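Working notes for the structure below.
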Amino acid sequence: MKCWRIDLQRKLIRYLHKELDLNSVSKLENHLLDCNYCRSHLAQLRSSHSVIKNLAMVNPKKDLWQSIESNIINESTEQLVKPTKSNNKSYFPHLPTNLKVAAILLVMLTTSLIATGLFISYKKQQVSNPSSKATQKNFPRDNFRLVAINEMPSNTEPHIVTEGYVKELRIAPDGDMTFRLVEQLGLEEPFIVCEIIDPIRLTPPTIGSKVKVYGVSRYDDKINHKWYEVHPVLNIEPIKH
C-alpha cells in the first residue's frame with residue numbers, strides 16, 4: 001500500500017548519500033522498519049545509484065564540443081533566426097549569429113521554466129489544500145481501514161480512518177498543529193493525538209466538533225507521551241450530528 005509520508009520520502013536520497021543529521025536518520029529508520037513502500041523505494045534508489053557508479057567513464061574528444069556547436073549554428077540558425085516575411089528583419093539584428101541562437105534558446109528555456117513553475121505551483125496548491133471540495137471528492141477513502149479510537153492499541157494497519165470529537169488544539173513552534181480526538185465529549189479517555197504537518201497543510205477542525213480523520217497510524221513512545229497517533233493527518237471531514 002502506498003505510503004503518504006511525503007516528508008520522509010523526500011529525504012530518502014539524502015539518507016542514501018549520508019547527508020542527514022542524526023535526528024533525521026533516527027526518525028527515517030524508525031519509519032522504514034514499519035513501511036514496506038518506503039523500503040522498496042529506498043532499495044530502488046540504491047540499485048539505481050549502484051548502476052550509475054559502475055558506468056564506464058567516457059572522455060570526450062577535445063574537439064567534440066566545437067563540432068556540436070558548429071552543427072547547432074549551421075542547422076538551427078535558419079530555423080530559429082529566420083527573417084519574417086513582413087519586414088525581413090531578425091529578432092536580434094545586432095547580435096552575431098551564434099549569440100542570436102543562444103539568445104533564442106535562452107528565451108525558449110525561460111518560457112519552459114515559467115510554464116513548469118506555474119504547473120508545479122498549481123500542484124502544490126492541490127496538495128497543500130486537501131480540505132477543498134475537489135480534493136475531498138477525489139480522496140482515496142477505500143484505502144483506509146475504519147478503526148475506533150478504543151481499537152487503536154490492537155490495530156495493525158498503517159492507513160486508517162477514525163472519528164471522534166475534537167478535545168483541544170495546539171500549535172507547535174515549527175508550525176505543525178495537533179489536536180486530541182476523544183470518543184465522547186466530557187471524557188478524557190480513550191483518546192488519540194492527530195498531527196497536521198507540512199506539506200499536507202489542512203485547516204484545523206473546531207474544538208468540540210465531530211470529525212472523521214484519515215491518516216497514518218503510529219505509536220509515540222517518547223517520554224511523557226506514550227499515546228497512539230494519526231500522524232500525518234491526510235484528510236479531515238466534518239460529521240453532522
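If you go through segment 139-172 and keep only what is in a loop (DSSP other than H, G, I, E, B), without any contact (Cβ under 8 Å) to a residue 40 or more places away in the chain and over 21 Å from P238 (Cβ atoms), you end up with T156, A172. In this structure, does E183 turn out to be farther than 26 Å from C3 by Cβ and at pLDDT 90 or above? Here the answer is yes, as E183 does meet what is asked. Among residues that are closer than 25 Å to K240 by Cα, free of Cβ contacts under 8 Å to residues at least 40 places away in the same chain and not hydrophobic (A, V, I, L, M, F, W, C), R180 is included.
Residues being closer than 22 Å to Q9 by Cα and part of a loop (DSSP other than H, G, I, E, B): count how many of those fall in segment 197-220. Number satisfying all stated conditions: 6.
The single condition from (1) assigned to a helix (DSSP H, G or I); (2) closer than 23 Å to R5 by Cβ that G175 fails is (1).
The values are calculated or read from the model by the stated rules, or taken from the named source; none is laboratory data. What you see is a predicted model; the values in this text were computed from it and never measured. Note: ideal-geometry Cβ built from the backbone for every residue, glycine included; neighbour counts use all protein chains shown.
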